[in-house]
Amino acid sequence: MGELAVQGRALMDPASVDDVEWGVRLLAATPTHEGRDRELLRQWARRADEFGSRLAPVASTARVVERDDGLERMLLARYTSRPPTVELYTDTLALAEELVDARGWRAWYPPGSVRAAALAHEAVHAHLHHGPAKAALKQALDHTVLRLGRHRLAGHVAGAEEVAAHAYARTVCGLGRSPLLLTAALRAALTPPGREN
């Protein structure tokens, strides 16, 4: 099957794309990765996915605030560090639940799991923001930006934290698929025809 046929199938059926490929697409759409080799992006996406899926359960101490303007912002949830807060967008959560039912994905995303996954996802952002796990993720990605003799400096990979957070949420919430799939479906539902990237 040719690349265009694969892309066309993914637009019609996002579930035909595996979780690592959704991670690749997220990285490819992230500024600083324009023109990067697709296999390198795949390697980073796979490593970030593995890192997130192996993280021990993370407790969140952030305050949770519910809002209803997520559809306008195209957000399901957001973590802010000062003060530590998770904003949950109830309108987007409701649309996500509708999409799960409409697409026949309930076996992958049981009732209430979208909210739980959003909270788990944001808990990992807080965990990576405030602790040593951020350095561990850099090491796992194995992206060297500077080497001096036997010393090397691991570099930041923009978007990798997002892939890891989705993999963590998939694992701790027992989802059949990464929330990245649901995010792609939400984006498609919220993007007016003719404005897709």
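Residue count for the stretch 73-111 under the criterion of being among the β-branched types (Val, Ile, Thr) and closer than 17 Å to residue 183 by Cβ: the result is 4. Against the definition (modelled with pLDDT of 85 or more, part of a helix (DSSP H, G or I), among the aliphatic types (A, V, I, L, M) and more than 17 Å from residue 188 (Cβ to Cβ)), how does residue 4 come out, yes or no? Taking the combined requirement at face value, the residue does not satisfy it. For residue 172, are the conditions met, namely being touching a helix residue (DSSP H, G or I) at 6+ places or on another chain (Cβ under 7 Å) and open to solvent by 60 Å² or more (accessible area, probe 1.4 Å)? So residue 172 fits the description; yes. Pairing each residue of the stretch 141-169 that is closer than 15 Å to residue 126 by Cα with any residue that is basic (Lys, Arg) and at pLDDT below 95, provided the two are 6+ apart or on different chains, yields C-beta distances under 9 Å for 160/138; 161/134. Of the helices (runs of 4 or more DSSP H) entirely within the stretch 38-157, those holding at least 2 residues that are of a type in the set (Asp, Glu) and either surrounded by fewer than 16 Cβ atoms within 10 Å (Cβ to Cβ) or touching a His at 6+ places or on another chain (Cβ under 8 Å) (or both) occupy 38-54, 90-103. In this structure, does residue 180 turn out to be touching a residue at least 24 places away in the same chain (Cβ under 8 Å), crowded, with 17+ Cβ neighbours inside 10 Å and out of contact with any Leu (no Cβ under 7 Å at 6 or more places or on another chain)? When the stated conditions are applied, residue 180 does not pass them.
Between 196, 162, which is open to solvent by 30 Å² or more (accessible area, probe 1.4 Å), within 18 Å of residue 21 (Cβ to Cβ) and modelled with pLDDT under 85?
196
The values are calculated or read from the model by the stated rules, or taken from the named source; none is laboratory data. Keep in mind that this is a model prediction, so the values were computed, not measured. Every residue, glycine among them, receives a Cβ derived from its backbone with ideal geometry; neighbour counts consider all protein chains shown. With ligands, DNA and RNA removed, areas are computed over all heavy atoms of the protein, side chains included. Shrake-Rupley method; radii C 1.70, N 1.55, O 1.52, S 1.80 Å.
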